[in-house]
Amino acid sequence: MFLGTVVYAVINSVILALMAIGFNLTFGISGVANFAYGALYIFSAYTTWMGLNLVGLPYPVAAVFSILLTMLVGAAMYRFVLLRVRGQALSEVIATFGIGLAILEIFRYLGFVGFEYTLPVFIDDSIIIAGVYIDMQRLLIVIIGTAAIFLLWWFTHHTRLGLAFRGIAQDERTALTLGIDSDRIALLSVAMGAGIAAFAATVIIPLGSIAPAEGYDVLIKALAVCIIGGLGSTGGVLTASFLIGFAERFTDTYVSSHWTMIVSLAAILVVLAVKPSGLFGKQKELEERI
Amino acid sequence: MPKRKERIDRGINVRSGDVFALCSWREMLYLAGPRFIPVFICLLLPLLLGIYWQKVLLSVAVFALLAISWDILAQTGMISLGQALFFGMGAYITGILNHYWGMSPVVTIPIAAVCGGLICTALLLPVLRLRGIYFSMVTLILPLMLVRLIEATRIFGGTEGLTGMTPIPSKWLELYVIIGAMLAALFGFRRMLSSDYGLVLKGIRDNDRSVLNAGINIYWYKTQALFIASGIGAFAGAFLTHVYMFVGMPVFALDYSILPIAAAVVGGPGSLAGATLGAFILVPLSELLRGTGGLRIVFYGVFLVIFIVALPEGLFHFFQRKYHQFERWVEVDQ
């Protein structure tokens with residue numbers, strides 16, 4: 001029981017991390033709010049489903065197509081909406097949240113709810129680790145998620161583009177003087193964040209079914225991981241998702257599933273109240289509290 | 001010949017807010033018209049509308065109160081994404097008082113407004129120092145957490161909620177009390193915000209550190225603004241509980257957080273009148289769209305985006321400018 005909980009907690013943590021890295025790339029690392037993140041996650045899942053079942057594309061083609069489409073949607077959202085309200089944090093949040101709301105609710109309205117809306121698993125098999133049955137999909141998620149986090153860290157620390165992403169969040173004007181076109185970089189950041197959301201959806205959704213309500217959950221979880229870990233910190237994402245992942249799984253097993261969500265919400269509240277920049281965030285004391 | 005649009009302020013003494021306002025009927029009407037006509041319409045509407053639209057008017061007034069409460073907070077620099085917290089707190093307090101102790105609405109509503117305000121202020125007190133988006137996140141999360149807490153602990157009726165509240169005796173009383181409260185809040189707090197006290201609040205929004213430098217305790221002012229805003233929200237919640245005779249988890253729903261923000265954005269933030277105008281547009285609109293089911297939330301989302309991008313000042317400020325300015329096309333000297 002205990003060992004099983006630990007194994008599933010690890011898997012849960014990696015899922016959380018995978019959900020959060022796209023959001024972390026956009027909001028945490030380059031400082032552009034994208035509160036349509038959860039909606040883009042669900043959007044890509046539905047487009048894959050449609051490509052698979054309505055158009056009849058092979059699965060890999062449908063998945064890649066939907067990832068590209070989601071990136072395009074993200075880029076369009078930046079170009080036509082976010083660009084006009086850049087710098088006004090609240091307007092960014094409200095505008096992107098409005099877009100997310102519209103996307104999610106239109107799927108709900110069109111009746112895309114039910115168990116038939118699900119994606120196929122990559123490999124339909126299972127193995128036993130430490131006496132616990134684990135299906136291959138979950139194992140794949142752990143591998144892919146770990147690789148994704150490492151890639152994110154490498155990308156933001158050792159590539160020109162990644163450094164530019166961090167640059168525009170630290171000081172946009174200084175970044176401009178160094179020849180970084182902040183609008184272009186922010187556009188790329190939103191598009192890549194959307195693409196990662198789509199990728200995460202392709203990997204994670206086969207575990208359950210696609211539902212519009214999931215979009216809000218994904219947004220809150222991504223937000224929780226980013227805030228607790230500290231905006232802009234890759235190590236923070238990992239630590240925070242393990243903290244929340246373990247806390248969730250253990251409350252689920254030993255207390256009751258009703259308390260699962262409360263634990264992560266309470267964790268965000270406490271971190272926000274005590275150290276708003278998160279566990280590993282660089283302190284920007286005066287920007288966040290007075 | 002290229003032309004440009006020239007805008008000239010109307011040269012009326014009244015705009016300086018001086019004693020000259022009393023010089024002529026024309027100027028007095030110019031000033032009083034935009035204030036008295038809406039009041040008159042608000043008081044007349046319940047008599048003209050059918051029973052269904054009376055109910056709609058009632059929820060318009062409730063959402064207008066929530067939007068006013070949002071705007072007061074926003075003008076103090078605190079952006080709330082969780083008006084449902086205030087609303088739900090008021091609703092649950094009045095529900096508990098009425099359900100367990102059988103108090104009458106005359107007692108429960110004022111108690112809920114004051115205690116709801118106090119409790120919400122106390123809940124947010126630890127995060128009063130947070131600025132901008134960090135404060136917003138806390139307000140977004142609190143109502144979500146309270147819902148889950150009620151679900152998990154099954155207190156106060158749990159998922160089923162409490163039913164059988166005392167209804168308000170007559171529908172006329174119901175309508176006029178809420179409309180009166182809305183008008184009183186609108187004009188009263190508008191006045192408050194244009195006084196020196198309001199100036200301090202707006203100063204906190206514009207630059208909190210310089211207000212701090214002026215030797216003013218901004219935390220105390222923020223606390224007061226929070227109490228006022230959450231009191232208004234709690235009143236709205238308490239009132240609606242007695243109208244629906246029910247209180248349950250839906251009072252913390254996202255609707256009560258999103259619609260007030262949408263109303264304030266559409267109507268124009270920064271003047272409580274804009275928030276009220278927004279409620280008067282959005283709530284009937286969403287009633288008209290009720291037949292389309294979930295599609296109306298899509299419309300909210302689209303509305304929010306369009307107004308934020310295309311008309312960030314909001315409808316009220318747009319109309320206000322048209323009212324106070326002449327516009328004409330003039331030729332540009334090359």
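The values are calculated or read from the model by the stated rules, or taken from the named source; none is laboratory data. Note that the structure is predicted; figures quoted are calculated from it, not measured. A quick note on method: Cβ atoms are made from the backbone with ideal geometry, for glycine too, and the neighbour counts reach across all protein chains shown.
Can you tell me which residue within segment B:26-40, out of those that are modelled with pLDDT under 80 and of a type outside the set (A, V, I, L, M), is nearest to residue B:273 (Cα to Cα)? Walk me through it before giving the result.
Filtering segment B:26-40 for residues modelled with pLDDT under 80 gives B:26-28, B:31.
Still in the running and of a type outside the set (A, V, I, L, M): B:26-27.
On the way: B:26: 23, B:27: 21 Å.
It comes out as B:27.
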query = Which ranges mark the helices (runs of 4 or more DSSP H) fully within segment B:226-334 that have 2 or more residues being within 30 Å of residue B:111 (Cβ to Cβ)?
reply = B:255-267, B:272-288
ask   = Could we say that residue A:190 is touching a Ser or Thr at 6+ places or on another chain (Cβ under 8 Å), farther than 23 Å from residue A:123 by Cβ and in a helix (DSSP H, G or I) here?
value = yes
message = For the structure I just gave you, tell me whether residue A:80 is within 9 Å of chain B (Cβ to nearest Cβ), closer than 20 Å to residue A:197 by Cβ and either surrounded by fewer than 20 Cβ atoms within 10 Å (Cβ to Cβ) or touching a Lys or Arg at 6+ places or on another chain (Cβ under 6 Å) (or both).
response = yes
key: Residues of segment A:107-141 satisfying the condition of being more than 7 Å from chain B (Cβ to nearest Cβ) and of a type in the set (Ser, Thr, Tyr)   = A:117, A:118, A:126, A:133
ask   = Of all residues in segment B:145-194 being of a type in the set (Gly, Ala, Ser) and farther than 30 Å from residue B:44 by Cα, which is nearest to the other protein chains (Cβ to nearest Cβ)?
value = B:152
note = Going through segment B:266-297 in order, the residues found to be in contact with a Ser or Thr (Cβ under 8 Å, 6 or more places away or on another chain), crowded, with 23+ Cβ neighbours inside 10 Å and within 13 Å of chain A (Cβ to nearest Cβ) are none
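Does segment A:88-100 contain at least one residue that is more than 10 Å from chain B (Cβ to nearest Cβ) and either of a type in the set (A, V, I, L, M, F, W, C) or farther than 27 Å from residue A:14 by Cβ (or both)? Show your work before the answer.
Looking only at segment A:88-100, we keep the residues that are more than 10 Å from chain B (Cβ to nearest Cβ), and these are none.
Within segment A:88-100 (the criterion being more than 10 Å from chain B (Cβ to nearest Cβ) and either of a type in the set (A, V, I, L, M, F, W, C) or farther than 27 Å from residue A:14 by Cβ (or both)), the answer is no, since none of the residues qualifies.
Here is a yes/no grid of residues against (1) of a type outside the set (A, V, I, L, M); (2) under 13 Å from residue B:89 (Cβ atoms):
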position	(1), (2)
B:214	no, no
B:217	yes, no
B:233	yes, yes
B:241	yes, yes
B:245	no, no
B:250	yes, no
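Looking at this structure, is residue A:104 assigned to a helix (DSSP H, G or I), more than 19 Å from residue B:313 (Cβ to Cβ), within 17 Å of the chain's Cα centre (by Cα) and facing chain B (nearest Cβ under 9 Å)?
Values: assigned to a helix (DSSP H, G or I): yes; more than 19 Å from residue B:313 (Cβ to Cβ): yes; within 17 Å of the chain's Cα centre (by Cα): yes; facing chain B (nearest Cβ under 9 Å): yes.
Spelling it out, residue A:104 is indeed assigned to a helix (DSSP H, G or I), more than 19 Å from residue B:313 (Cβ to Cβ), within 17 Å of the chain's Cα centre (by Cα) and facing chain B (nearest Cβ under 9 Å).
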ask   = Name the residues in segment B:61-108 that are among the polar types (S, T, N, Q), part of a helix (DSSP H, G or I) and under 12 Å from residue B:229 (Cβ atoms), would you?
value = B:69, B:75, B:83
ask   = Out of all the residues in segment B:296-304, is one or more more than 30 Å from residue A:87 (Cβ to Cβ) and at pLDDT below 85?
value = yes
query = Looking at segment A:42-67, which of its residues are hydroxyl-bearing (Ser, Thr, Tyr) and either closer than 12 Å to residue A:117 by Cα or not in a helix (DSSP H, G or I) (or both)?
reply = A:46, A:47, A:48
ask   = Applying the selection to segment B:94-116, what residues are surrounded by 13 or more Cβ atoms within 10 Å (Cβ to Cβ) and either within 30 Å of residue A:276 (Cβ to Cβ) or of a type in the set (Val, Ile, Thr) (or both)?
value = B:94, B:96, B:107, B:108, B:109, B:111, B:114, B:115, B:116
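Pick from A:19, A:1: which is out of contact with any strand residue (DSSP E or B) (no Cβ under 6 Å at 6 or more places or on another chain), in contact (Cβ under 8 Å) with a residue 40 or more places away in the chain and over 20 Å from residue A:241 (Cα atoms)?
Numbers: A:19 fails: over 20 Å from residue A:241 (Cα atoms).
Selected residue: A:1, the only one of A:19, A:1 that is out of contact with any strand residue (DSSP E or B) (no Cβ under 6 Å at 6 or more places or on another chain), in contact (Cβ under 8 Å) with a residue 40 or more places away in the chain and over 20 Å from residue A:241 (Cα atoms).
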note = Checked against (1) facing chain A (nearest Cβ under 10 Å); (2) surrounded by fewer than 20 Cβ atoms within 10 Å (Cβ to Cβ); (3) within 16 Å of residue B:88 (Cβ to Cβ), residue B:119 satisfies every condition except (1)
key: Filter result (surrounded by fewer than 17 Cβ atoms within 10 Å (Cβ to Cβ), outside any helix (DSSP H, G or I) and of a type in the set (A, V, I, L, M)) within segment A:133-183   = A:178
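Out of curiosity, is residue B:200 surrounded by 20 or more Cβ atoms within 10 Å (Cβ to Cβ) and either touching a residue at least 40 places away in the same chain (Cβ under 8 Å) or of a type outside the set (Lys, Arg) (or both)?
In short, no.
Would you call residue B:189 in contact with a helix residue (DSSP H, G or I) (Cβ under 9 Å, 6 or more places away or on another chain), hydrophobic (A, V, I, L, M, F, W, C) and closer than 30 Å to residue B:158 by Cα? Break it down stepwise before answering.
Working: in contact with a helix residue (DSSP H, G or I) (Cβ under 9 Å, 6 or more places away or on another chain): yes; hydrophobic (A, V, I, L, M, F, W, C): yes; closer than 30 Å to residue B:158 by Cα: no.
For residue B:189, the condition - in contact with a helix residue (DSSP H, G or I) (Cβ under 9 Å, 6 or more places away or on another chain), hydrophobic (A, V, I, L, M, F, W, C) and closer than 30 Å to residue B:158 by Cα - is not met.
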task = Would you check if residue B:309 is touching a strand residue (DSSP E or B) at 6+ places or on another chain (Cβ under 6 Å), over 21 Å from residue B:72 (Cβ atoms) and modelled with pLDDT of 85 or more?
result = no
Lone unmet requirement of (1) within 30 Å of residue B:160 (Cα to Cα); (2) in contact with a Cys (Cβ under 8 Å, 6 or more places away or on another chain) for residue B:183 = (1)
task = State which residue pairs qualify: first residue at the interface with chain B (Cβ under 7 Å from one of its Cβ atoms) and over 16 Å from residue A:248 (Cα atoms) and inside segment A:258-276, second residue in a helix (DSSP H, G or I) and aromatic (Phe, Trp, Tyr) in any location, beta carbons under 8 Å apart, and separation of 6 or more residues or different chains.
result = A:272/B:134; A:276/B:134
